[in-house]
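Report on the structure given below.
The values are calculated or read from the model by the stated rules, or taken from the named source; none is laboratory data. The model shown is predicted, which means the values in this text are computed figures rather than measured ones. Using ideal geometry, Cβ is built from the backbone for each residue, glycine included, and neighbour counts are taken over all protein chains shown.
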Amino acid sequence: MNKWDQRYGDATAPGEPSYALREFSYLLPQTGAALDIACGLGADALLLVQHGLNVCAWDSSVVAIEKLQQFAHERNLNIAAQCRNVVAEPPAASQFDVIVVSHFLERALCPAIANALKPGGLLFYQTFCVDKVDTNRGPSNADFLLHRNELLRLFATLDVVAYQEAGTLGDVTQGLRDRALLIARKPAGT
């Protein structure tokens, strides 16, 4: 059993959707295809399908996918949940109107993620940063932590809709901390 299967083994609920998706859900299209990459228990996927999107959800954990399928069934929602190694099998080009990535960072995959968006498609991305208020939160391995403004550089081919990376500035008890978020749009005609 891998570490992610163990982590999700005792879960009884999908948890809360990502901050980026919750706070900016008003930007979602009314119809279209969405992909939740490294979906875990599927809180983001569940929110996407409730907004009327056709949702695919991928994760490397068999346990997470089985639980997501159960959560969707209990809510009478249809999600195409699949156990998939997204690094080995990235999404195909121009397939999705929305892609969500939360708390997952594989830098080499970023061009494929941007390319998988249809023209005008939206990316909702948030993950942990090196500059953290709570050093016990998120990965300890720096390979999985963003550097300042790195998310902007990783998706430089997309148009920024919203970006947030507060780091340790100001009142650290307020706002999204320890993470950066990007909402970006693939330019039309690309």
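Pairs are defined by a Cβ separation below 6 Å, a sequence spacing of at least 6 or placement on different chains, a first member in the range 7-18 that is modelled with pLDDT of 75 or more, and a second member that is among the hydroxyl-bearing types (Ser, Thr, Tyr) and outside any loop (DSSP other than H, G, I, E, B); the pairs so defined are Ser18/Ser102. Scanning the range 1-45 for residues that are in a helix (DSSP H, G or I), surrounded by fewer than 23 Cβ atoms within 10 Å (Cβ to Cβ) and not aromatic (Phe, Trp, Tyr) yields Lys3, Asp5, Gln6, Arg7, Arg22, Glu23, Ser25, Leu27, Ala43. Screening the candidates Leu53, Leu77, Leu68 for the property of being in contact with a Gly (Cβ under 7 Å, 6 or more places away or on another chain), more than 22 Å from Ile183 (Cβ to Cβ) and not charged (D, E, K, R) yields one hit, Leu68. Only one entry of Ala108, Ala81, Ala93, Ala88 meets the criterion of being crowded, with 21+ Cβ neighbours inside 10 Å and among the aliphatic types (A, V, I, L, M), and that entry is Ala81. Going through (1) within 21 Å of Pro29 (Cα to Cα); (2) surrounded by 14 or more Cβ atoms within 10 Å (Cβ to Cβ) one by one, Gln70 falls short only on (1).
The residue list Gln82, Gln30 contains one member that is closer than 23 Å to Asp97 by Cβ and either among the aromatic types (Phe, Trp, Tyr) or in contact with a Phe, Trp or Tyr (Cβ under 6 Å, 6 or more places away or on another chain) (or both), which is Gln82. Only residues that are assigned to a helix (DSSP H, G or I), free of Cβ contacts under 8 Å to residues at least 40 places away in the same chain and not polar (S, T, N, Q) were counted across the range 46-61, and they come to 3. Contact map, the range 75-90: first residue on the phi > 0 side of the Ramachandran plot, second residue part of a loop (DSSP other than H, G, I, E, B) and not charged (D, E, K, R), Cβ cut-off under 7 Å, separation 6 or more or different chains; the map is empty.
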